[in-house]
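The structure appears below as structure tokens.
The values are calculated or read from the model by the stated rules, or taken from the named source; none is laboratory data. Given the structure is predicted, the values throughout are model-derived calculations rather than measurements. FYI the Cβ positions are ideal-geometry reconstructions off the backbone, even for glycines, and counts take in every protein chain you see. Ligands, DNA and RNA are excluded from the accessible area calculation, which covers all protein heavy atoms including side chains. Shrake-Rupley method; radii C 1.70, N 1.55, O 1.52, S 1.80 Å.
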Amino acid sequence: MQNSPAVTVALAHIDAWSHHDWERTRELLAPDVHATVTTTQPNFRDADLKGIDNYMDPKTRAARLIEPGSVHVLSAIGDERSALITCTFKIGLGPGGTMVTMARSCLYLMDENEKIKEERDAFFVLSK
């Protein structure tokens, strides 16, 4: 279901952080949000983030490198509580901060208030 409640929240969240709207990003998180970020690429560390403040600090540092408006959603599927979104975007991780393409797959679980309770983020850089 592409227009499910969980997909709607997940896409709003992606739109918020990719446009550097930190207030809206924070509003869509449950107080006890738990997120993991992982990749198989060298030079990146996995992250395990618990709570809004612990979530926002590294996520905003990374999202500041994203070119606003560059997110391209490849697929979005979900139901009332869960969503799986795959997308690409431009991010300044190349030599000297040049823009490269990152692919991201993210699994979300919403709480009873339609806030993001769990986020499982896996990514890789397509080109450097």
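Rolling a 1.4 Å probe over the protein chains gives Arg24 an accessible area of about 90 Å². Take the Cα of Leu126, step 7 Å toward its Cβ, do the same at Glu80, and the gap between the two points is 3.6 nm.
With 5 Å bins beginning at zero, the pair-distance distribution over Cα atoms of region 30-87 amounts to 4, 14, 16, 23, 28, 13, 2, 0 %.
Could you report the chain's accessible area per residue, 1.4 Å probe, as an integer in Å²?
Values: 6910 Å² over 128 residues.
Per residue, the chain has an accessible area of 54 Å².
Spin-label pair His20-Thr98: with each label point 7 Å from Cα along the Cα-Cβ axis, the two points sit 2.2 nm from one another.
Take the Cβ atoms of Asp46 and Glu114, set R0 to 35 Å, and the FRET efficiency comes out at 0.80.
Any chance you could give the angle, 0 to 90 degrees and rounded to 10, that helix 5-18 forms with the longest Cα principal axis of the chain? It is inclined by approximately 30 degrees. Largest first, the residues Met56, Met99 sort by 1.4 Å accessible area into Met99, Met56. Note on the chain: along the principal axes its Cα atoms extend 43, 29, 26 Å, ordered by decreasing extent.
Accessible surface of Val33, taken over heavy atoms with a 1.4 Å probe and every protein chain present, rounds to 0 Å². Compared with the dominant Cα axis of the chain, that is its longest principal axis, helix 52-63 is turned about 40°. Taking all protein chains as shown and a probe of 1.4 angstrom, His34 keeps an accessible surface of around 40 Å².
In the chain, carbon and sulfur make up what percent of the accessible area (probe 1.4 Å)?
Carbon-and-sulfur percentage of accessible area, whole number: 54.
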